[in-house]
Amino acid sequence: MSNQEAIETITLNKVEYIRKDQIKEVPTVSGDYAVVRCRNAGVHAGTVTSRKDGVLILSNSRRLWRWWSKFTLSGLAMTGVLNGKESECRFSCVVPRIDLTESDVAEVIYCTNEARKSIESIVEYINE
C-alpha cells in the first residue's frame, strides 16, 4: 500500500475501524538497546541499564559521530546503517558505562535487532 492510497475504514457504534490488511506492522525492538540523542553530548548507541534520579545510564555505549541511514536517527534505529556505507561511518570505541543527564537527553529511540547488529558491526573509527 502506497502513501497515496486511501485507507478503508468502517464505523460501528461511533468507533472507526481500519481494515487489518491495511495496518502497517511496527518493528519489534531489541530489549533496551537504543540510540540516544543529546542536546550537548552528541549521539550514543548502547544498552539502557538505568533511568532514574535524573541520569540515564548506558552500558557498552558508542558515540556516533557520522552515520548513514534511512534519512534520520529513527531510520538508523529501525534498519541500521545503509548497505555500502559502513566504511563511511564514524563510531567510537565501546565504553563500559556512560552517564547522561536527563536534562541533556533529547530522545531515546529503541532499536530493532537488525539495527543493533548493524551498529555493533561498524569498526571503531581511529583518527590517524
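See the values below:
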quantity: Unique residue being hydroxyl-bearing (Ser, Thr, Tyr), outside any strand (DSSP E or B) and surrounded by 17 or more Cβ atoms within 10 Å (Cβ to Cβ) when the list is Ser87, Ser69; calculated: Ser69
quantity: Any hit, region 111-124, residues being assigned to a strand (DSSP E or B) and among the basic types (Lys, Arg); calculated: no
quantity: Looking only at region 41-66, and only at residues there that are at pLDDT 95 or above and in a loop (DSSP other than H, G, I, E, B), the one that is nearest to the chain's Cα centre (by Cα); calculated: Gly42
quantity: Qualifying residue in region 77-89 (condition: within 11 Å of His44 (Cα to Cα) and of a type outside the set (Gly, Ala, Ser)); calculated: no
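The values are calculated or read from the model by the stated rules, or taken from the named source; none is laboratory data. Every value quoted in this text rests on a predicted model; they were computed, and no experiment measured them. So basically every Cβ, Gly included, is an ideal-geometry build from the backbone, and we count neighbours across all protein chains shown.
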